[in-house]
There are 2 protein chains.
Amino acid sequence: MSQAADDRPPDAVVRRRLPPDERRESILDAAARLFEHQPYSRVSTVAIAREAGIARGLLNHYFGDKRGLYLEVVRRSVLLPTLEDLPTRVPGSMAEKVEVAVRWFLDSVEPRVASYLTVLGAEGVADDEEVAAIIRRADDLAAQRVLELVGLDPADERSLALVRCYGGLAKTTVHEWARRETLTRPQAHELLRDVLLFLTSDLLRAQPRG
Amino acid sequence: MSQAADDRPPDAVVRRRLPPDERRESILDAAARLFEHQPYSRVSTVAIAREAGIARGLLNHYFGDKRGLYLEVVRRSVLLPTLEDLPTRVPGSMAEKVEVAVRWFLDSVEPRVASYLTVLGAEGVADDEEVAAIIRRADDLAAQRVLELVGLDPADERSLALVRCYGGLAKTTVHEWARRETLTRPQAHELLRDVLLFLTSDLLRAQPRG
DNA sequence: CCCTCTGTTGGCAAGGTGCCAACAGAGGGC
DNA sequence: GCCCTCTGTTGGCACCTTGCCAACAGAGGG
């Protein structure tokens, strides 16, 4: 039945053998593509397999089950990797430091807005502890890096909490700018800059340091 | 087989006939309870039916399908209904108006933090357009009401966008306060008050009015 | 050229979901 | 008070999705 097929779709590659890393990535790409446009439960493993051009069973081989694959996609979409590019120390005034942080944020989000927003703005009833944990870890690290950058104690719990709150503002602002297009990037930039400066100045007053 | 049952669970009500509205509500309650603790796909309709003490088929009768029920739960969890309690006009300074808005927000969220946060903080990859639409509508209305309350033009697109951004800060702040408990309510209150005052003062400068 | 290693496939079994025909409380007419 | 209709409610059937596993087949070494 496999050999007899005459009407084989042109790009239905007969069967290519890939190194695991490569195959893994290609599956993640395919899955991410589908999860961006419809909710989890509407994306069937059949569809993912088709999109990736493989047999469905291979998904389980690489990721255990559908949920495992999903969590992997979430991990990949979080901003964690680009946190490396955020400089630890910047010379100059607080205003200049804040400027650097905001620009970094918008710059690293811009090329990947689609997946960034779908990960963080998903919304919907569902207390998914595992997904929440992934995002929480990324948020925590980001808050810490921001405090370092602006020269505040990156271990102070209250400061961290406040910066994480600010993170909520940042996410929604990206949403307004890149998805709803109700703000231009300069407007978004201005808002984020002003509020962050306001916030850090306040923290600086309460916790002077270096 | 139904009559012969001797080991019938004590509370497995034999079969009670309820008015549609009441039954509907009880199903929504049951579903909301389950969706709060695990993601959509992990909650089976079997489990919901068991929790509600009814036959599974009744879910379809009332809500069409599982997703319909889910969307209904989301609608119920949004803060829309309590928006009625937010006064339209408050006498006094901008600081006093902001104070009223912030207190209203924290007060109305407090008794229903659990469902409020699970609805808005869900997160996870899944561009669910229908769910997003429900939340967007609620956010839009809330932003409008806030502008009215502080005495700014509730039709100005830019102001609306900025207040919606602020909404992101508000949601995350509630998360830090009520879920992670990294902030006390007074601290959360202070942050939200300061930032909103900062924001509205700024808008007032650009758009003086009444 | 064969043999092994391992990436890959296809189908089976279990569970979840939507649908529908049949069942049975509750209230009105006689 | 009895029956009859109305409609809330049930149970099971058929379809789809998912996880698993045994069998298949490229690729490189002896």
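³J(HN,Hα) across the stretch B:152-166 via Karplus (A = 6.51, B = -1.76, C = 1.60, θ = phi - 60°), whole Hz, x for Gly/Pro?
10, 5, x, 10, 6, 4, 5, 4, 4, 4, 5, 5, 5, 4, 4
Inter-copy label distances at B:A114, 7 Å along the Cα→beta-carbon direction, one decimal in nm, shortest first?
Going from nearest to farthest copy, the values are 3.9 nm.
Defining the label point at 7 Å along Cα→Cβ, can you sort the distances from B:V46 to the same site in each other copy, shortest first, in nm?
2.1
As a test of the formula, what do you get for chain A when each DSSP H run with n ≥ 4 contributes -39,500 (n - 2.57) and the sum is divided by the residue count, at 222 nm and rounded to the nearest 500 deg cm²/dmol? Don't skip to the answer; put the middle values down first.
Working: 9 runs with 129 residues, N = 210.
Value at 222 nm, helices only, nearest 500: -20000 deg cm²/dmol.
Say R0 is 22 Å: what FRET efficiency, to the nearest 0.05, do A:D107 and A:R136 get from their beta-carbon distance?
The calculated FRET efficiency here is 0.40.
Using alpha carbons only, what's the Rg to Rh ratio of the stretch A:139-198 with Rh from Kirkwood?
1.03
Rounded to whole Å and sorted largest first, list the principal axis extents of the Cα atoms in chain B.
Cα extents, longest axis first: 77, 35, 33 Å.
Tell me the Kirkwood hydrodynamic radius of the stretch B:20-76 in angstroms, computed as one over the mean inverse distance between distinct C-alpha pairs.
10.9
Using θ = phi - 60° and the Karplus form 6.51 cos²θ - 1.76 cosθ + 1.60, what ³J(HN,Hα) does each residue of the stretch A:196-206 get, whole Hz, x for Gly and Pro?
The phi angles translate into 5, 5, 4, 5, 5, 4, 4, 5, 4, 4, 7 Hz.
Given a Förster distance of 30 angstrom, what is the FRET efficiency for B:A95 paired with B:Q38, based on the Cβ-Cβ distance and rounded to 0.05?
Once rounded, the FRET efficiency stands at 0.10.
Within 10 Å of each Cβ in peptide A:175-183, how many partner chain Cβ atoms are there on average? Round it to a whole number, please.
Numbers: counts 7, 7, 2, 0, 2, 3, 1, 7, 6.
Mean inter-chain Cβ contacts per residue within 10 Å come to 4.
Which of the residue pairs A:K97/A:K171; A:K97/B:K97; A:K66/B:K66 have a Cα-Cα distance greater than 26 Å in the structure shown?
Over 26 Å apart, Cα to Cα: A:K97/B:K97.
Just grab the label-to-label distance for A:L80 and B:T45, each label 7 Å out from Cα along the Cβ direction, in nm (one decimal).
Distance between the two pseudo-spin positions: 3.7 nm.
So what's Rg/Rh here for the protein assembly as shown, counting alpha carbon atoms and using the Kirkwood radius for Rh?
1.03
No value in this document is a laboratory result; all are computed from the given coordinates. It should be emphasised that the depicted structure is a prediction, and the values quoted were computed from it without experimental measurement. Virtual Cβ from ideal backbone geometry, glycine too; neighbours counted across all protein chains shown.
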